[in-house]
Amino acid sequence: MARLPYLEKSQLAVEHQDLLKREIALHKQLAHSPGALRAFQGLGQYIRHHSPLDARLRELAILQVGYLARAPYEWSHHIKIGYDFGVTDADIEALIAQTEGRSQPALDPLAALVASAAREITQHGELSKSAFEALQAHLSNEQLVDLIVTVSFYNAVVRVLGSLQIDVEPDYQPYLDRFPLPATPA
């Protein structure tokens, strides 16, 4: 259960009602601080709509963060969003297998490299030299920076979600039912 009440547009000052254009639980919690929500949405919008990083790879990186953090909200939302950008059930099953140390099913080589980099950043707080160099062989400098920013941003997002105990909306529960998160940390 959420630690703060979910705000509705009508509860915000007129100049802040645009912050709830997407009336999702996360935004309804962050709306308690309109300035923070506006800044949060700015980076989120850049990552989703303006980054030159391939959208499928971006979503796999975000899913990797959500899976490692055991963040039901992040995991369920980005399964749905991932589908919109080419992520398949086979990709999700392979990401889970890779995270759990199984070789099959497997992601394609670049997706596997991106997921591995997301794991490194999430688990160790940085990207190793070898992983950085491997990514440089496939991504432009701009895409590489955007990947690191994306993974780092979503590591912050899962901490916000957990700290505020934000609930998964009913529309997203089927994604958790299809791909449940294990109870123990990865």
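The values are calculated or read from the model by the stated rules, or taken from the named source; none is laboratory data. Here the structure is a predicted model, which is why all the values come from computation and not from measurement. Glycine gets a Cβ as well: all are built from the backbone with ideal geometry, and neighbour counts include every protein chain shown.
So the values come out like this:
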quantity: Any chance Tyr83 is assigned by TED's automatic domain parsing to the domain that holds Leu139 and within 21 Å of Ser51 (Cβ to Cβ); calculated: yes
quantity: Scan of region 64-88 for residues that are in contact (Cβ under 8 Å) with a residue 24 or more places away in the chain, among the polar types (S, T, N, Q) and under 15 Å from Arg178 (Cβ atoms), ordered by number; calculated: Ser76
quantity: Residues of region 144-154 classified as surrounded by fewer than 19 Cβ atoms within 10 Å (Cβ to Cβ), in contact (Cβ under 8 Å) with a residue 60 or more places away in the chain and either farther than 12 Å from Ser51 by Cα or of a type in the set (S, T, N, Q) (or both), total; calculated: 1
quantity: Complete set of residues in region 10-47 that are part of a helix (DSSP H, G or I), surrounded by fewer than 16 Cβ atoms within 10 Å (Cβ to Cβ) and touching a residue at least 24 places away in the same chain (Cβ under 8 Å); calculated: Leu43
quantity: Residues of region 89-136 that turn out to be among the hydrophobic types (A, V, I, L, M, F, W, C), within 17 Å of Phe179 (Cα to Cα) and free of Cβ contacts under 8 Å to residues at least 24 places away in the same chain, as a count; calculated: 4
quantity: In region 155-172, residue surrounded by the fewest Cβ atoms within 10 Å (Cβ to Cβ) [restricted to those that are out of contact with any helix residue (DSSP H, G or I) (no Cβ under 7 Å at 6 or more places or on another chain) and more than 16 Å from Ile62 (Cβ to Cβ)]; calculated: Pro170
